[in-house]
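A short write-up of the structure that comes next.
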Amino acid sequence: MMTRRWRLAHGRHLDLGDKAVVVGILNVTPDSFSDGGLFDVPEQAMVQARRMAAEGALIVDIGGESTRPDAQPVSASQEQDRILPVIEALARSGEVLISVDTYREETARRAIAAGAHIVNDVWGLQREPGIANVAAETGAGLIIMHTGRGRQKLPDVIDDQLLFLRRSLEIAAGSGVADDQIMLDAGFGFAKETADENLDLMARFSELHALGFPLMAGTSRKRFIGTVTGRDPMDRGAGTVATSVILRLKGAHLFRVHDVAINVDALAVADAMLARETNRAGR
């Protein structure tokens, strides 16, 4: 897999290629679909962040508003009150790279000022395009996610990905975001209405390389895994690991997960197999 450098805020970077990168999910919320209320106190959030870093997460992604379909929206000030103390404490410790999961320009700006390195926008810059200005001005890494919420999708799953993400990339370029700051996310589960739609997206994931940017996979504990396995959200770890390995073999670079250790181990095996394939091809 080709090595590329992903540039982040505060002079940091990640080199992507031979090793999968695991991103630990830290929902500082009372109502997220599988872990709401577990880490909504800063002290609990810090314990979990340190646990995920110790298990091998290179990035912790901190969110203050649930993105599940029926979640109640919160105000920008509520979101910031939840996440900023955790970001500040984690930045002081220097233990791990920090991503902020937000679609709000103001929150993104304050999070980067507090020490975050990456902005993860689940609306792909198409709800508050000013997030792209924040990334351009601060040099932050920018994760641009595909979503089908609030619009009519194209019938073909990849055609819709390309349509939406190309528009998002136009917004980023127009704001001056450099290509080496950008990561794309296919948005598994976000207005992908059926398990089959998510499975089709997974089967055809490698087609997204046509956009020319590194890719993140966020399948952790999603409903389509429950449909396939019959498991409740907290019991979808094994199913998530299977998707991580499949998507690594299809070229994903980052893996946003709740259960860090098991994904780190599984992806290490996938990386070892990919390395052997590369070695054999070079003989």
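Annotations for the structure displayed:
- Shown is the FRET efficiency for Ala173 and Glu137, computed with R0 = 22 Å from the Cβ-Cβ distance and rounded to the nearest 0.05: 0.90.
- Spatially proximal lysines relative to Lys153 (Cα-Cα < 21 Å; intrachain offsets below 8 disregarded): Lys192, Lys222
- Accessible area per residue was computed with a 1.4 Å probe on protein heavy atoms; Thr3 scores about 90 Å².
- Magnitude of the charge dipole for the range 63-209, about its Cα centre and with charges confined to Cβ atoms of Lys, Arg (+1) and Asp, Glu (-1), is about 260 debye.
- Pair-distance distribution of the chain: all C-alpha pairs, bin width 5 Å, starting at 0; shares per bin in whole percent are 1, 6, 13, 18, 21, 19, 14, 7, 2, 1, 0, 0.
- Computed extension length for Asp180-Thr3: 62.5 nm, one decimal, from 0.36 nm per residue of separation with the Cα-Cα distance subtracted.
- Positive dipole terminus of the chain, leading residue within Thr278, Pro73, Asn120 (C-beta point charges): Thr278
- Test item: Cα-centred dipole of the range 61-133, Lys/Arg +1 and Asp/Glu -1 on Cβ, debye: 100 debye
- Residues of type lysines that Lys250 reaches as a straight line, Cα spacing below 16 Å, ignoring anything fewer than 8 places off in the same chain: Lys19
- Using the Karplus relation 6.51 cos²θ - 1.76 cosθ + 1.60 with θ = phi - 60°, the per-residue 3J(HN,Hα) values for the range 116-124 come to 5, 10, 9, 10, 10, 9, 6, 9, x Hz, with x marking Gly and Pro.
- Leading residue at positive end of dipole, the range 159-283 (Cβ point charges), from Ala217, Ala261, Ala178: Ala261
- Inter-label distance for Thr227 and Asp18, nm, one decimal - labels placed 7 Å from Cα along Cα-to-Cβ: 3.9 nm
- Beta-bridge orientation, the chain: approximately 10 percent antiparallel, per DSSP, counting only bridges with both partners inside.
- For Val228, solvent-accessible area (1.4 Å; no DNA, RNA or ligand), Å²: 100 Å²
- Debye-formula intensities of the range 159-283, expressed as log10 I(q)/I(0) at q = 0.15, 0.18, 0.19 Å⁻¹, are -0.76, -1.01, -1.09 (one equal scatterer per alpha-carbon, no solvent).
- Note on the range 141-200 and the range 210-283: Cα centroid distance 19 Å, given to the nearest whole angstrom.
- Look at the alpha carbon pairs under 8 Å that are at least 6 residues apart: their mean separation over the length of the chain gives a relative contact order of 19 percent.
- Length gained when the stretch Gln72-Glu106 is fully extended (0.36 nm per residue, less Cα-Cα span): 10.3 nm
The values are calculated or read from the model by the stated rules, or taken from the named source; none is laboratory data. In this text, all values refer to a predicted model and were calculated from it rather than measured experimentally. Positions of Cβ are backbone-derived with ideal geometry, glycine not excepted, and every protein chain shown enters the neighbour counts. Just the protein is used for accessible areas: all its heavy atoms, side chains included, with ligands, DNA and RNA removed. Shrake-Rupley method; radii C 1.70, N 1.55, O 1.52, S 1.80 Å.
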